[in-house]
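Structure record follows, encoded as structure tokens.
The values are calculated or read from the model by the stated rules, or taken from the named source; none is laboratory data. No experiment lies behind these values; they were computed from the predicted model shown. Positions of Cβ are generated from backbone atoms using ideal geometry, with glycine treated the same way; all protein chains shown enter the neighbour counts. Just so you know, the surface numbers come from the protein's heavy atoms only, side chains and all, with ligands and any DNA or RNA stripped out. Shrake-Rupley method; radii C 1.70, N 1.55, O 1.52, S 1.80 Å.
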Amino acid sequence: MHQPDLNRDVFSPIKLFAHMDRMHDWWQGNNVYPITMELSPSTICNHFCTWCMHGGYFGSHKGDDKSLKAFPDSSVMPVDFYRGLVDELFELGTKSMIFSGSGEPFVNPNLMEFIEYTTQKGIETAVITHGGLLTPEKAKVVAANCTWIRISLNAGTAATRKQIHKVDDFEKVLGNLAYLAEEKRLQGSKVQIGAQIAVSPENQDEIETAVLRVRETGIDYFQVKPVILHPMSSPTQYEKDFYLNTLHQARESKVHETNDFKVFVKEDQFAGVLADDYERGSYSKCYATFFPVIEANKKVYYCSQTRGLPAFCLGDLAHQSFREIWESPHRQTVNNNINVAECQPICRCHPINKVLWTLRHPKNNINFV
């Protein structure tokens, strides 16, 4: 497998060591508050992606006016509640906030206020979105405030986008990307604008086409990663030949890079899903216990892959402060009960766990550096 260039790999887990005070606390076994918080402004999505894992957590995704009544766990987070939450997280040392979701963040009409207030508090912001609800007015706020935004395009043609997302908005999203890139230029903003394709059998032959279409919009990068199915969706992954062919096409697409446009191939995810044990032998305990997710319904979950699952709920912010939840015996019980053999393979914290496990369990002649 190709090795990442840590000087430009924006996804490297080594970034964790820029926070040596937190790493010292972790090493000493002390309570470590989140550096990065992930939050779902909404549990509702107006897209219906074929392999989306979050639909299984909150019922099927929905986008009609009856959603909140039909699904009690479906909600959008109120702005007043969010402001109070950010005030507390700032005091606890949170450095960054990712607005993503079991739902689509832009479904929440207060998202722009969320972004602006968070930035004003000194916490960096980022958004992961399908891109269909990004308007020119919202693009101005994103460019002025966010550190990065990534759009899940997942196709190189309108037909395939519609097949996967069940919404016909491919050209619209490309137009939104182009407008956002222009807004970045006009503002002199440093926001990193990216798009991605999560490769599945439906779109595996459109990687190069997607790279070329996205490059035309003027954004900064395109990410290629494999679809890795959640255990709630499927007990097995796609065939190895599929992942090998996809990896080859992804690497070939890097020929279209320029000085201003990069193609990131998630080599670590391909390596993990191609391993016989999904690299589960790399560690036997989850050490990444400080990357929680807050849902729009005010519940806090262990991580982004366990959101919505009652066994992994750390607490409810409707009844407790974040500090109370974080310092509670219940959180420690949830942490202790994590069984990595049953978790989502190659999860968001997988590379972090590999690094932290190596630190705790060194084997490679550590005194010869």
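Observations on the structure shown:
- Of the residues screened, Tyr238 is not one that is assigned to a helix (DSSP H, G or I) and either surrounded by 15 or more Cβ atoms within 10 Å (Cβ to Cβ) or in contact with a Lys or Arg (Cβ under 6 Å, 6 or more places away or on another chain) (or both).
- Selection from the stretch 313-356 of residues that are among the charged types (D, E, K, R) and in a helix (DSSP H, G or I): Arg323, Glu324, Arg331, Glu342, Lys354
- Conditions (1) open to solvent by 50 Å² or more (accessible area, probe 1.4 Å); (2) modelled with pLDDT of 70 or more; (3) over 25 Å from Met232 (Cβ atoms); number of the one not met by Trp51: (3)
- Test: Thr160 is of a type in the set (Ser, Thr, Tyr) and within 22 Å of Ile207 (Cα to Cα): yes
- Residues that are open to solvent by less than 40 Å² (accessible area, probe 1.4 Å) and in contact with a Pro (Cβ under 9 Å, 6 or more places away or on another chain) within the stretch 332-346 comprise Cys343, Gln344, Pro345, Ile346, listed in sequence order.
- Output for the stretch 256-312, where each listed residue is of a type in the set (A, V, I, L, M) and in a strand (DSSP E or B): Val263, Val265, Val293, Ile294, Val300
- Pairs, first open to solvent by 20 Å² or more (accessible area, probe 1.4 Å) in the stretch 211-235, second part of a strand (DSSP E or B) and of a type outside the set (Gly, Ala, Ser), C-beta under 6 Å, six or more apart: Asp220/Gln192; Asp220/Ile193
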